[in-house]
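**Q** Got a structure for you, questions after.
The values are calculated or read from the model by the stated rules, or taken from the named source; none is laboratory data. Just so it is clear, the model here is predicted, and its values are computed rather than measured. Don't worry about glycine lacking a Cβ; one is built from the backbone with ideal geometry, like all the others, and counts go over all protein chains shown. Protein only, heavy atoms only, side chains kept; ligands, DNA and RNA dropped before computing areas. Shrake-Rupley method; radii C 1.70, N 1.55, O 1.52, S 1.80 Å.
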Amino acid sequence: MFPKGRQLESSARAEVRALLADRPRDRDLLIEYLHLIQDKYGCLSAGHLQALASELSLAMAEVYEVASFYAHFDIVLDDETPPPPVTIRVCDSLTCEMMGAATLLKDLPGALGSNARVVRAPCMGRCDTAPVAEVGHHHVDRADVASLSAAVAENRTHPAMPDFKGYDAYVADGGYRLLKDCRSGARDVEDLVSRLEESELRGLGGAGFPTGRKWRFVRQEPGPRLMAINADEGEPGTFKDRHYLERDPHRFLEGMLVAAWVVEAEAVYIYLRDEYPALQHVLAEEIKRVEAEGLNGDCAIHLRRGAGAYICGEESAMLESIEGKRGLPRHKPPFPSQVGLFGRPTLIHNVETVYWVRDIVERGASWFSGEGRNGRQGLRSFSVSGRVREPGVKLAPAGITVRELIEEYCGGMADGHAFKGYLPGGASGGILPASMADIPLDFGTLEEHGCFIGSAAVVVLSDQDDMKAVALNLMRFFEDESCGQCTPCRVGTEKAVKLMSEPAWDMPLLRELSTAMADASICGLGQAAPNPLLCLMKYFPEDLK
């Protein structure tokens with residue numbers, strides 16, 4: 001007599017046990033262990049999945065459903081051929097497509113032959129150096145066939161480390177003094193929260209919720225409490241969090257630990273997107289140094305690695321992923337400040353939000369709130385890409401217009417390009433024409449026009465861009481990244497792509513479909529997916545003829 005189902009392979013079990021070693025067999029570490037296996041063997045075999053299920057006391061179906069949900073896991077079943085040793089992921093999101101990604105995808109397979117696998121990939125957070133591709137875990141900026149072929153030939157598959165301010169340099173510049181003052185009693189919780197409220201710092205991941213008020217909401221919930229950092233900036237056009245983490249990671253870590261001290265969080269979980277492999281290494285090493293110096297106190301710091309799912313940028317989907325599950329958004333209420341990670345009250349922040357905590361406290365609230373234009377207050381980090389001469393992260397006054405941003409911070413339009421339109425808030429923030437380039441860019445200024453600023457990812461378009469192709473590219477992104485949980489988003493994005501791929505668009509049907517998606521989708525992905533399409537129909541009718 002034999003048990004039903006797949007039989008556990010002794011060799012696979014031994015390999016998985018060797019990889020896990022003395023690590024805890026906790027359910028929430030499932031995704032971390034899937035990464036361990038794939039990093040070692042290049043894919044996830046059915047035998048390894050079964051062995052991991054056995055080690056974690058899970059059903060094979062539970063492990064498989066998680067592994068198959070995330071784009072960066074390669075599952076190889078018994079009758080399938082493992083992928084080649086090297087995988088090249090070519091970003092096909094908007095800015096990279098504008099800069100030639102389609103040509104790369106067409107020419108690379110023939111140039112490389114069987115040496116590597118070439119696949120499409122969503123935004124890698126390097127839009128300022130488009131087009132971008134990833135050879136293994138090594139990014140190639142401004143990629144072409146020659147540079148990618150060279151990277152494969154030279155086996156450049158490991159990430160290049162950024163030149164960042166390390167612990168010693170940060171401490172020499174006054175770093176961690178604020179955190180130490182908090183722990184010693186020299187700083188008062190109420191004073192810190194009041195300073196954040198006076199500065200009017202808001203959530204800079206897209207929602208814009210007042211930071212000080214969020215701290216109060218979480219503090220009023222009964223303990224034990226937790227904190228989660230959303231470093232999964234997958235919105236096409238957004239790369240500001242990577243910019244700051246690559247340059248000054250300890251400013252982020254100190255702000256994070258100060259926020260955790262305020263809400264008395266027992267642990268902090270940093271959820272970092274898998275597209276940032278160099279930062280995974282940097283943060284892991286710098287967190288070890290922070291812990292060695294005792295700066296984390298009684299607050300444990302956990303670094304968790306995403307696996308290629310844009311939906312996990314949505315806060316509740318991120319929590320599900322940290323718990324080792326598929327990244328499916330939760331229904332609200334209850335909100336994460338009440339019932340969050342592992343069922344505990346959880347403070348959730350974006351990377352950039354906590355990055356400014358030290359400066360605001362030390363320099364005073366007016367240092368931040370005193371900036372601004374056109375009646376707005378504060379500073380905004382704009383991720384600018386597209387048809388400008390000098391793309392990149394631009395720290396500018398809140399309320400600046402895109403025309404001012406292009407001329408004052410980006411060196412004007414790229415040579416040979418005339419300004420035609422722009423995305424003020426990434427893929428989901430809508431599209432506006434150049435005739436509306438004098439609207440202040442800030443929270444609450446764009447909604448009446450069917451747009452929003454979100455994470456301030458500005459993609460500049462020119463007269464050489466096909467607006468229908470722009471909208472179709474964005475809708476394809478939403479189709480690929482839909483988690484599939486709700487029908488309006490799962491089916492709606494697919495049907496929209498099919499309708500938008502036709503030479504002539506059925507406008508009434510597209511409007512009806514957009515309304516259903518916006519009104520009935522569970523989370524912001526499906527609700528915002530029609531924004532570029534609706535803006536195109538409203539502001540660029542001449543491009544639809």
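**Q** Per-residue accessible area for K325 at 1.4 Å probe radius, Å² rounded to 10?
**A** K325 exposes around 70 Å² with every protein chain in place.
**Q** Further question: Using label points projected 7 Å from each Cα along Cα→Cβ, tell me how many nm separate H331 and M161, to one decimal.
**A** For the pair H331/M161, the computed spacing is 4.9 nm.
**Q** Rounded to the nearest 5, what % of DSSP beta bridges with both residues in the chain are antiparallel?
**A** Of the beta bridges lying entirely in the chain, close to 40 percent run antiparallel.
**Q** Sticking with this one: Taking a 1.4 Å probe, which of W215, W505 shows the most accessible area, and what order do the others take after it?
**A** Greatest to least solvent exposure: W505, W215.
**Q** Moving to a separate point now. Past the 21 Å Cα-Cα mark, which pairs from K180/K214; K214/K332; K420/K538; K180/K288; K214/K394; K468/K538?
**A** Checking Cα-Cα distances, K180/K214; K214/K394 exceed 21 Å.
**Q** Kindly write out, for region 78-88 in residue order, the coupling ³J(HN,Hα) from the Karplus curve 6.51 cos²θ - 1.76 cosθ + 1.60 (θ = phi - 60°), rounded to whole Hz, with x marking Gly and Pro.
**A** Once θ is set to phi - 60°, the couplings for region 78-88 become 4, 9, 10, 8, x, x, x, x, 10, 10, 9 Hz.
**Q** Just to confirm the filter: which GluC sites (Glu not before Pro) across region 293-357 are DSSP coil and have at most 11 other Cβ within 10 angstrom of their Cβ?
**A** Within region 293-357, the qualifying GluC sites (Glu not before Pro) (loop, at most 11 other Cβ atoms within 10 Å) are E293.
**Q** Collect residues whose amide H, placed 1.01 Å from N in the peptide plane, falls under 5 Å from the amide H of K420; neighbours closer than 5 in sequence don't count.
**A** L461, S462, D463
**Q** Which listed residue (S321, V76, F209) has the Cα farthest towards the positive end of the charge dipole for the chain, taking +1 on Lys and Arg C-beta and -1 on Asp and Glu C-beta about the Cα centre?
**A** Going by the Cα projections, it comes out as S321.
**Q** Still on this structure, I have one more. How would you rank 148-155, 412-419, 97-104, highest first, on the average number of other Cβ atoms within 10 Å across their residues?
**A** Per-residue Cβ counts within 10 Å, averaged per peptide and sorted highest first, yield 97-104, 148-155, 412-419.
**Q** Accessible area per residue for the chain in Å², computed with a 1.4 Å probe and the full protein assembly in place, what is it?
**A** So the chain comes to 40 Å² accessible per residue, rounded to a whole number.
**Q** Still on this structure: Sum -39500 (n - 2.57) across every DSSP H segment of at least 4 residues in the chain, then divide by the residue count to get the 222 nm mean residue ellipticity, nearest 500.
**A** -12000 deg cm²/dmol
**Q** OK, next. Please give the charge dipole size of region 433-512, origin at the Cα centre, charges +1 on K and R Cβ atoms and -1 on D and E Cβ atoms. Round to the nearest 20 debye.
**A** 300
**Q** Long-range amide H contacts for L44: which residues qualify at under 5 Å (H placed 1.01 Å from N, peptide plane, sequence gap of 5 or more or a different chain)?
**A** Amide H to amide H, under 5 Å and 5 or more residues apart or across chains, L44 pairs with D74, I75, V76.
**Q** Also: In whole percent, what relative contact order does the chain give with Cα contacts below 8 Å and a gap of six or more residues?
**A** 13
**Q** Mind ranking S11, S57 by accessible surface for me, highest first, 1.4 Å probe?
**A** I get S57, S11, largest accessible area first.
**Q** Compare T353, T487, T157 by solvent-accessible area with a 1.4 Å probe and give them largest first, with all protein chains kept in place.
**A** T487, T157, T353
**Q** Quick one: dipole size for the chain, taken about the Cα centre, charges +1 on Lys/Arg Cβ and -1 on Asp/Glu Cβ, in debye to the nearest 20.
**A** Dipole about the Cα centre, nearest 20: 560 debye.
**Q** Projected onto the charge dipole of the chain (+1 at Lys/Arg Cβ, -1 at Asp/Glu Cβ, origin at the Cα centre), which of Q527, A427, H331 gives the Cα projection farthest towards the positive end?
**A** Of Q527, A427, H331, it is H331.
**Q** Oh, and also: Over region 51-191, what relative contact order in percent results from Cα pairs under 8 Å that are six or more residues apart?
**A** 17
**Q** Put +1 on the Cβ of each Lys and Arg and -1 on the Cβ of each Asp and Glu in the chain; which of P508, G343, V63 then has its Cα farthest toward the positive end of the dipole?
**A** Positive-most Cα among the choices belongs to G343.
**Q** Ok, one more. Using modelled backbone amide H atoms (1.01 Å from N, in-plane), which distant-in-sequence or interchain residues come within less than 5 Å of N350's amide H?
**A** Amide H to amide H, under 5 Å and 5 or more residues apart or across chains, N350 pairs with L204, G205, N230.
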